[in-house]
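These notes are about the structure you will find just below.
The values are calculated or read from the model by the stated rules, or taken from the named source; none is laboratory data. Computed from a predicted structure; not experimentally measured. Positions of Cβ are backbone-derived with ideal geometry, glycine not excepted, and every protein chain shown enters the neighbour counts. Quick note on the areas: whole protein, heavy atoms, side chains included, nothing else; ligands and nucleic acids left out. Shrake-Rupley method; radii C 1.70, N 1.55, O 1.52, S 1.80 Å.
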Amino acid sequence: MEPLTPSSCINVLLGISRGLSHRTSIQKTLEEICIHVESYFSPRHLAFLLVDPDTGDLTFNHVVGEKTDLVSGKKLRKGTGLAGWVAETQEALLIEDTAQDPRFATQFLTAKTKGCSTVMAVPLKSGDMVYGVLELIDTRHGEPYTKKTLADFAAIAEVTAVALERAYYFQAMRRMAETDQLTGLPNKRTFDRYMEREIEVCKRYGTPSSVVLLTIENLRRLNEEYGPSSVDKIIQLLAVVLVDEVRKVDMACRIASNRFAVIMPNTARPAALDVSQRINTKIAQQSATRQMPYFSVILNVVSGIQDDVTPLLGICDTSKTAPRGFRKFRNVAENLVLLLNEEKQAMERRQYYRKNVQLAGQFENPDTGEAGDFLLDNISLNGVGFTTLLSHRLVRGALIKVRFRLDDSRRTEVTRLTRVKYLSERYVGCQFADQKSYDSDLGFYLMR
């Protein structure tokens with residue numbers, strides 16, 4: 001095994017980081033990270049557990065090693081076992097020798113850990129919340145885990161969290177770009193892309209293809225008479241019926257405010273007509289059962305065959321002349337400057353917006369030791385302005401630390417390093433001098 005040296009740990013960190021530019025799948029990112037961890041630490045058992053945000057229970061999402069058959073896919077109750085303790089305390093855990101640590105027999109001895117001699121586990125965090133745990137049990141070379149290996153493991157866990165969050169944000173943006181927010185169905189952009197592929201299959205392999213189109217009549221009138229919430233319930237009802245009444249290979253989409261479409265691969269027109277009639281009957285039954293406002297729908301079937309796909313072409317945009325949606329921005333080299341300039345412009349507009357507040361806080365000058373209380377008068381993404389309760393000795397250009405709590409639901413505590421830019425008696429204007437993410441702690445607060 002490669003010796004556990006700082007340089008080899010750095011190689012692991014670099015290996016994880018190199019994949020950040022091309023990995024977009026959360027699961028594949030996790031699997032690649034586990035390969036790096038396994039090759040470095042040589043554990044007999046490696047597991048990544050996900051924390052259920054509602055119950056706090058943990059699920060073994062990815063398992064490698066001798067314990068795979070025992071725990072793969074299983075759940076761990078909140079607060080139990082190695083991972084449960086780490087998730088609850090948000091602290092890394094190291095037991096160099098299980099026989100010498102009294103905690104092991106009382107807290108951590110389970111069927112999974114029975115017979116092991118050394119264990120190590122670290123939390124994966126997003127902000128101040130733990131969403132996962134990486135745990136290692138025993139080593140193949142027989143040596144125990146030490147404080148040195150725990151420090152390496154913690155560093156790898158931090159980079160792992162960055163890699164997983166990047167993959168998550170890509171998938172989240174992709175989902176938002178491709179999904180109708182009200183119904184959860186694929187939207188028009190997704191419909192066009194799948195139709196393009198379906199038309200190519202129809203032309204190349206000669207399989208028929210059909211699309212069931214559903215249109216809500218007089219949607220504007222319904223909105224005026226019954227209100228947006230009732231119309232939303234009607235639209236959600238139609239989405240549920242479509243999903244329930246079609247096959248798994250079919251794809252139901254919402255392609256306009258009042259229009260749905262169901263792509264039905266390898267389906268001739270007669271079979272599609274039967275499905276449309278079944279859908280119409282189910283809509284009538286469900287709307288009556290739920291006592292929905294009266295509405296009517298129009299169902300049409302469009303079919304294409306190998307020799308004539310024109311009807312299918314008429315209901316979608318298959319133009320390839322311009323890239324669409326998130327795909328347009330997948331090339332970093334081509335679009336980095338564009339997005340960076342847009343971000344700078346947006347930041348310039350936002351950073352000068354100041355919100356008037358009345359929040360208590362404290363300041364401290366590390367150089368002189370001066371400290372005191374203040375009343376925060378205003379706040380922006382760029383800095384703060386406050387009035388000290390007593391006279392002060394602050395000067396322009398001084399670096400001071402400020403601390404205050406926002407009056408949001410979480411009572412978020414903000415601690416920032418600032419530089420004094422303006423003084424007028426007891427009023428002090430400061431600009432943020434640290435490199436924290438402005439949007440993560442203040443952005444949502446300023447939008448209220």
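Here's the yes/no breakdown for (1) more than 14 Å from Asn356 (Cα to Cα); (2) at pLDDT 90 or above:
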site: Ser380; (1), (2): no, no
site: Arg419; (1), (2): yes, yes
site: Tyr422; (1), (2): yes, yes
site: Glu425; (1), (2): yes, yes
site: Lys436; (1), (2): yes, no
Of (1) open to solvent by less than 20 Å² (accessible area, probe 1.4 Å); (2) farther than 16 Å from Leu185 by Cα; (3) touching a residue at least 12 places away in the same chain (Cβ under 8 Å), Gly227 fails just (3)
Within region 87-112, residues in contact (Cβ under 8 Å) with a residue 12 or more places away in the chain and over 17 Å from Asp138 (Cβ atoms) come out as Ala87, Glu88, Gln90, Glu91, Ala92, Gln107
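Which one of Asp377, Asp407 is open to solvent by 40 Å² or more (accessible area, probe 1.4 Å), without any contact (Cβ under 8 Å) to a residue 60 or more places away in the chain and more than 28 Å from the chain's Cα centre (by Cα)? Show your work before the answer.
Working: Asp407 fails: more than 28 Å from the chain's Cα centre (by Cα).
The match here is Asp377.
For region 41-55, name all the residues that are of a type outside the set (S, T, N, Q) and open to solvent by less than 20 Å² (accessible area, probe 1.4 Å).
Of all residues in region 41-55, those of a type outside the set (S, T, N, Q) come to 41, 43-54.
Of everything in region 41-55, those that are of a type outside the set (S, T, N, Q) and open to solvent by less than 20 Å² (accessible area, probe 1.4 Å) turn out to be Phe41, Pro43, His45, Leu46, Ala47, Phe48, Leu49.
Taking the residues in region 85-128 that are of a type in the set (Asp, Glu) and more than 33 Å from the chain's Cα centre (by Cα) as candidates, determine which candidate is least open to solvent (accessible area, probe 1.4 Å). Walk me through it before giving the result.
Quick first cut of region 85-128, residues of a type in the set (Asp, Glu) only: 88, 91, 96-97, 101, 128.
Adding the requirement that they be more than 33 Å from the chain's Cα centre (by Cα) leaves 96-97, 101.
Working: Glu96: 81, Asp97: 68, Asp101: 32 Å².
Per the criteria, the residue is Asp101.
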Across (1) surrounded by 13 or more Cβ atoms within 10 Å (Cβ to Cβ); (2) at pLDDT 85 or above; (3) out of contact with any helix residue (DSSP H, G or I) (no Cβ under 6 Å at 6 or more places or on another chain); (4) of a type in the set (Ser, Thr, Tyr), Ser8 clears everything bar (2)
Among the residues of region 174-181, are any touching a helix residue (DSSP H, G or I) at 6+ places or on another chain (Cβ under 9 Å), of a type in the set (S, T, N, Q), without any contact (Cβ under 8 Å) to a residue 24 or more places away in the chain and open to solvent by less than 40 Å² (accessible area, probe 1.4 Å)? yes
For this session: State whether one or more residues within region 198-221 are within 29 Å of Ile298 (Cβ to Cβ), among the polar types (S, T, N, Q) and at pLDDT below 90.
Result: yes
message = Criterion first (open to solvent by less than 10 Å² (accessible area, probe 1.4 Å) and over 25 Å from Asp307 (Cα atoms)) does Leu185 satisfy it?
response = no
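So which residues in region 43-57 are more than 17 Å from the chain's Cα centre (by Cα), in contact (Cβ under 8 Å) with a residue 24 or more places away in the chain and over 25 Å from Pro144 (Cβ atoms), if there are any at all?
Initially, region 43-57 is screened for residues more than 17 Å from the chain's Cα centre (by Cα), giving 43-48, 55-57.
So of that shortlist, the ones also in contact (Cβ under 8 Å) with a residue 24 or more places away in the chain come out as 43-48, 56.
Gly56 - this is the single residue of region 43-57 that is more than 17 Å from the chain's Cα centre (by Cα), in contact (Cβ under 8 Å) with a residue 24 or more places away in the chain and over 25 Å from Pro144 (Cβ atoms).
Can we say Gly325 is of a type in the set (Gly, Ala, Ser), surrounded by 14 or more Cβ atoms within 10 Å (Cβ to Cβ) and modelled with pLDDT under 95?
Details: of a type in the set (Gly, Ala, Ser): yes; surrounded by 14 or more Cβ atoms within 10 Å (Cβ to Cβ): yes; modelled with pLDDT under 95: yes.
So Gly325 fits the description; yes.
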Exercise. Has region 26-40 got any residue that is more than 25 Å from the chain's Cα centre (by Cα), touching a residue at least 12 places away in the same chain (Cβ under 8 Å) and open to solvent by less than 30 Å² (accessible area, probe 1.4 Å)?
Worked result: yes
